[in-house]
1. Would you mind finding the one in Ile45, Ile125, Ile94 that is of a type outside the set (Phe, Trp, Tyr), over 17 Å from Tyr3 (Cβ atoms), at pLDDT 95 or above and outside any helix (DSSP H, G or I)?
2. Scan the stretch 5-32 and report the pairs whose first residue is exposed (fewer than 12 other Cβ atoms within 10 Å of the Cβ) and whose second residue is assigned to a helix (DSSP H, G or I) and aliphatic (A, V, I, L, M), with Cβ atoms within less than 9 Å and a gap of 6+ or a chain change.
3. Scan the stretch 1-37 residue by residue and report those that are part of a loop (DSSP other than H, G, I, E, B), over 20 Å from the mean Cα position of the chain (by Cα) and within 25 Å of Ile93 (Cβ to Cβ).
4. Name the residues in the stretch 101-118 that are in contact (Cβ under 8 Å) with a residue 60 or more places away in the chain and touching a strand residue (DSSP E or B) at 6+ places or on another chain (Cβ under 8 Å), would you?
5. Looking only at the stretch 120-134, which residues are surrounded by 15 or more Cβ atoms within 10 Å (Cβ to Cβ) and either acidic (Asp, Glu) or out of contact with any Ser or Thr (no Cβ under 7 Å at 6 or more places or on another chain) (or both)?
6. Which of (1) outside any helix (DSSP H, G or I); (2) surrounded by fewer than 19 Cβ atoms within 10 Å (Cβ to Cβ); (3) at pLDDT 95 or above does Lys71 not meet, given it meets every other one?
7. Please work out which one of (1) surrounded by fewer than 17 Cβ atoms within 10 Å (Cβ to Cβ); (2) in a strand (DSSP E or B); (3) touching a residue at least 40 places away in the same chain (Cβ under 8 Å) is the condition Gly40 fails and give its number.
8. Which of the residues spanning the stretch 97-119 are assigned to a loop (DSSP other than H, G, I, E, B) and either surrounded by 14 or more Cβ atoms within 10 Å (Cβ to Cβ) or of a type in the set (D, E, K, R) (or both)?
Amino acid sequence: MIYIVRKEHFNAAHKLYNPKWSKDKNMSEFGVCSNENWHGHNYEIEVTVKGKINPESGMLVNLKYLSKIMKEEIIDKVDHKNLNLDVPFLEGIITTTENVTIKFWEILDAKIKSLDNSECRLHKIRVYETPRNFVEYYGEK
């Protein structure tokens with residue numbers, strides 16, 4: 001088994017807010033992250049795939065294809081956007097890094113399974129909200 005990682009970057013705004021809660025409850029739970037006027041992050045996303053090397057190509061996956069999938073399916077849809085307002089696949093969820101990472105997994109998993117190398121599978125997604133805060137997800141719910 002071999003593991004390959006591709007990293008991409010995006011900038012986005014959001015706020016943490018549960019519409020079922022009062023303004024005070026949101027502030028108590030989320031602090032300044034529930035600011036009415038939003039806040040932003042310089043996110044990093046790392047996608048790790050695993051599998052067996054294709055003997056014909058010598059690669060698990062061509063990183064050019066993995067990069068293209070990440071950009072078309074995720075980065076182009078979230079970069080310089082408001083995650084709460086501008087991203088249809090995040091509609092109706094609280095845009096914590098945890099929830100966003102799970103949505104990224106759901107989108108990328110199917111695309112990676114459709115690559116030419118049937119041995120290639122999504123292993124892990126890591127999303128950095130800040131250099132010190134990140135979420136890792138392995139597909140378990």
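The values are calculated or read from the model by the stated rules, or taken from the named source; none is laboratory data. Not measured: the values here are computed from a predicted model. For neighbour counting, all protein chains shown are included, and Cβ atoms are generated from backbone atoms with ideal geometry for every residue, glycine included.
1. Residue meeting the stated conditions: Ile94.
2. Correct list of pairs: His9/Ile75.
3. Listed by number, the residues that qualify are Asn18, Pro19, Lys20, Trp21, Ser22, Asn35, Glu36, Asn37.
4. Scanning the stretch 101-118 gives Leu108, Ile112, Asn117.
5. Result: Cys120, Arg121, Leu122, Arg126, Tyr128, Glu129, Phe134.
6. Of (1) outside any helix (DSSP H, G or I); (2) surrounded by fewer than 19 Cβ atoms within 10 Å (Cβ to Cβ); (3) at pLDDT 95 or above, only one is false for Lys71: (1).
7. Among (1) surrounded by fewer than 17 Cβ atoms within 10 Å (Cβ to Cβ); (2) in a strand (DSSP E or B); (3) touching a residue at least 40 places away in the same chain (Cβ under 8 Å), Gly40 violates only (3).
8. Leu115, Asp116, Asn117, Glu119, listed by residue number.
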